[in-house]
Every structure is written in structure tokens, then in C-alpha cells.
Amino acid sequence: MATNDRTIRLAAISDLHYGKGSQGAFQPLFADISEAADILLICGDLTDYGLPEEARLLAKDLNSSLKIPVVAVLGNHDYESGQHLEVCDLLTTAGVTILDGDSVEIRGVGFAGVKGFAGGFGRGALGFWGEPAVKAFVQEALDEALKLESALARLRTEQRIAVLHYAPIRGTVEGEPPVIFPFLGCSRLEDPINRYPVTAVFHGHAHNGTYEGRTSTGIPVYNVSHGLVKKSQPDGPGFHLMELTVTPAADTVPLM
Ligand SMILES: [Fe+2]
Ligand SMILES: [Fe+2]
């Protein structure tokens, strides 16, 4: 590590599923994260039913207990009530940066985020073929992969982090019943991750999946679903913590 290098501590959690009775439930965790980390990622399913009142409770707890920047993506639960735009507004007002095909740079680290989508993995992935409904389903996954690619393309940082809700690889959904694997993620999300390449990927959604996996090119992928992190590291802090080295001179690479 060179003299000017900085260490940025990144915390990641997912699937908080804030419901009407959740107020205060995560405040101790948020306080611990504020002590241990410089930036927090929340990988979707912030709310249980995608209701504005659930988002308000989460926003209140974040404001009272969390003292560091938060980057998040929405999950499928956040869409359930058709009020995801209001959920987004409430959390954005509370200071959360919500990514949906966007990228952001914080303290020299680049973040690219999308919700992602389902569709399955490898040779088992659903193909763009047949009925319009099947094509529409596959198109949604293709669109999310393209959004991730364009978000990554905009980053000029040395350290690039991908934030997803759905899994980009099969490895981190293993542990769930195999019959639901196709609904837990899609390997179309893996291509842009490998191509850029990113430093690490964080996702949630597969509550009973596997904590750590790797893409086909060896990029680490972490399933940080709240319950899974606790189960995988019973003596751990209840969130994932990663240290990144940021070289100030390399924060911004000029475009040629
Ligand atoms: Fe979830
Ligand atoms: Fe989910």
C-alpha cells in the first residue's frame, strides 16, 4: 500500500424487509455499521410490501442511527404495491442513493447498481424464444444486464463495486431448493461484471443461499441477505465488511 493510499471500509447487507412492526429493529445494527464502516450498501428488499409507510419507518431508523453514506438498489418486494417511486423518493430524501442503472462515486470507490432479474443460470437460462410473454420475461433480464453494463461503463474509478438484488451466478443461490433457482437470479448479469471487471459483487434475494461465490473469471460475489450473513458468521457483526484500498491519484482516470 503506497503512502497516499486510503482504506475504505465497505459494509453490505440486504433483505431488511421493513414492515409495519419493524421500527427500531435494525437501529443497533445501523449503529454498529456506522462505527465499523465508511459506506453501507443495501442490496434490495428494503421493505416487505413496498409500502410508503414501511419506507418511512426505515428512513426514520436510518436517519437516527446511521452516520455514513448509504447506496442501495430496490428488490422485488419494493415493487409489490406498485408504489416503488414513492418508496424511492422517501429513501432518497432520507439521504440514500438508490441506483437503478446508475453509478455513483463515493470516497474514490465506484458503485454501479441495478435490481437485476430472474431467468436462470448457464445452460438452464430461459432463452428469448417462443411466446411473447416468454420473450418479455427474458427481455427484462436482458435490459437489466444492459443497464448494469452502461452503469459500469460510466465509472472511472480503480475500485468498482456492483450492487444487485438478484444473483448473477448460481453459486450464491445454492442452498435454496433447486426448483426455484431460475427465480433467484440470472447469469446474463454476469457478463458485464466479468467484462469490466469489478472488484466485488453484492446481492441478496436468496435468503437461504450461499454467502460467497465467484464468477467464471474469479470475481468475488457475496450474498448478503441479512439472515444468511448471520447464519454464515454466527460470531460476526451481522453484516459483510470489506476493506478497499483507494489510491487518490487513480480516483479519476482521464478519458483518452
Ligand atoms: Fe428478500
Ligand atoms: Fe427479493
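Bear in mind that the values in this text are calculations on the coordinates, not laboratory data. Treat the numbers as computed from the prediction; the structure is a model and nothing was measured. Counting neighbours? That spans all protein chains shown, and the Cβs are built from the backbone with ideal geometry, glycine included.
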Would you confirm, using the coordinates I've provided, whether Asp61 is within 14 Å of ligand 2 (Cβ to nearest atom) and either in contact with a helix residue (DSSP H, G or I) (Cβ under 8 Å, 6 or more places away or on another chain) or within 22 Å of Leu228 (Cβ to Cβ) (or both)?
no
Which is part of a strand (DSSP E or B), over 24 Å from Tyr18 (Cα atoms) and in contact with a strand residue (DSSP E or B) (Cβ under 9 Å, 6 or more places away or on another chain), of Arg156, Arg160?
Arg160
Residues of the range 44-75 satisfying the condition of being more than 16 Å from ligand 1 (Cβ to nearest atom), more than 19 Å from the chain's Cα centre (by Cα) and not in a helix (DSSP H, G or I)
Lys67
What number of residues within the range 107-125 are aliphatic (A, V, I, L, M) and either assigned to a loop (DSSP other than H, G, I, E, B) or in contact with a His (Cβ under 7 Å, 6 or more places away or on another chain) (or both)?
3
Scope the range 73-97; condition farther than 18 Å from Glu53 by Cβ and touching a strand residue (DSSP E or B) at 6+ places or on another chain (Cβ under 6 Å); matching residues
Val73, Thr97
State all residues of the range 189-237 that are more than 16 Å from ligand 1 (Cβ to nearest atom), of a type outside the set (A, V, I, L, M) and under 16 Å from the mean Cα position of the chain (by Cα); if no residue qualifies, say none.
Glu190, Pro192, Thr199, Glu212, Gly213, Arg214, Thr215, Pro220
Does Leu142 satisfy the criteria of being assigned to a loop (DSSP other than H, G, I, E, B) and over 15 Å from the mean Cα position of the chain (by Cα)?
no
Contact list, first residue from the range 171-198 and at positive phi, second anywhere and part of a helix (DSSP H, G or I) and buried (at least 19 other Cβ atoms within 10 Å of the Cβ), beta-carbon distance below 9 Å, six or more apart or interchain, is Gly175/Leu228
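Listed here are the residues, each with its yes/no results for (1) farther than 14 Å from Val71 by Cβ; (2) free of Cβ contacts under 8 Å to residues at least 40 places away in the same chain; (3) not in a loop (DSSP other than H, G, I, E, B).
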{"site": "Ala12", "(1), (2), (3)": "no, no, yes"}
{"site": "Leu16", "(1), (2), (3)": "yes, no, no"}
{"site": "Leu29", "(1), (2), (3)": "yes, no, yes"}
{"site": "Ser34", "(1), (2), (3)": "yes, yes, yes"}
Given the criteria in a loop (DSSP other than H, G, I, E, B), of a type outside the set (Val, Ile, Thr) and within 30 Å of Glu243 (Cβ to Cβ), does Asp78 qualify?
no
